[in-house]
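The values are calculated or read from the model by the stated rules, or taken from the named source; none is laboratory data. Since we're looking at a predicted model, the values are computed, not measured. Cβ coordinates were reconstructed from backbone atoms using ideal geometry, including for glycine residues, and neighbour counts include every protein chain displayed. Note: areas computed on protein heavy atoms with side chains; ligands, DNA, RNA excluded. Shrake-Rupley method; radii C 1.70, N 1.55, O 1.52, S 1.80 Å.
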Amino acid sequence: MNDDFGTLDGTLDAVWSRLSNGVTNADAPARTLALATDGPAVRMVVLRGADRASGTLTIWTNRASDKVSQLAGDPRAEALIWDSAADFQIRLALEVSIARGDAGTWDALGPGSRVNYARVPPPGARLAEPDAVQVQPDPAMFAVLTGRIMRIETLHLTRERQARARFPHGRLDAAHWIAP
Ligand SMILES: Cc1cc2nc3c(=O)[nH]c(=O)nc-3n(C[C@H](O)[C@H](O)[C@H](O)COP(=O)(O)O)c2cc1C
């Protein structure tokens, strides 16, 4: 058994190495995460940034999407990642702030990526057919979500053991195991 998962600090390092890897490696398990907001509503999003020092994640989206209105009403969210090779679940409680994407990031996006964040009609609008959308890349629609990690919860499943741990943000001293 890989016993990084047998200690609290090893488990926390395993979380952050996966988050960092998700940002840089398109095939990593944490490349996409399920993001749940007050709806209830859940959807997959791509992890664009993860910063251990500030305890934050970054996600890009369309300002007109339902997730943005839901987060404007209630900034609390949860993100979920499953690393099947490591049998490791990562659950993150977040407080999400919404900002306009910066011009430099927008400029660096190719046209194929920009359309993910700006098109008409807006996400969720009823269409007569799937292709009845017009691409209208508009930097004002490019929103950046910054999720401040309030709590990390992990579950490592093996035949021998199910180890579940909780890490309040920024307080490794207060981390503890919990019953799975
Ligand atoms: C693999 C995958 C990655 C996705 N990445 C994003 C993303 O980074 N940002 C985003 O806004 N939507 C992304 N989507 C689309 C969302 O899952 C969702 O359908 C869309 O954002 C509308 O969600 P909402 O109406 O709940 O706001 C992705 C979908 C998939 C399947």
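Brief remarks on what is shown
- Shape of region 3-178, Cα gyration tensor, a/c cut at 1.5: prolate
- Listed peptides 41-47, 98-104, 15-21 appear in the order 15-21, 41-47, 98-104 once ranked by packing, highest mean of other Cβ atoms within 10 Å at the front.
- Applying the Karplus relation 6.51 cos²θ - 1.76 cosθ + 1.60 with θ = phi - 60° to region 59-65 yields 3J(HN,Hα) values of 9, 9, 7, 8, 4, 8, 7 Hz, where x marks Gly and Pro.
- Placing +1 on each Lys and Arg Cβ and -1 on each Asp and Glu Cβ, with no other charges, gives the chain a dipole about its Cα centre of roughly 280 debye.
- With all protein chains kept in place, the per residue accessible area of the chain amounts to 54 square angstrom at a probe of 1.4 angstrom.
- With Cα atoms, 0 to 90° folded angle of helix 8-24 axis to the chain main axis: 30 degrees
- Relative to the globular-protein estimate of 2.2 N^0.38 Å, the Cα radius of gyration of region 1-98 stands at 1.11.
- Heavy-atom accessible surface of the chain: percent carbon and sulfur, 1.4 Å: 49 percent
- Cβ-defined net charge surrounding Thr105, 12 Å radius [Lys, Arg +1; Asp, Glu -1]: +1
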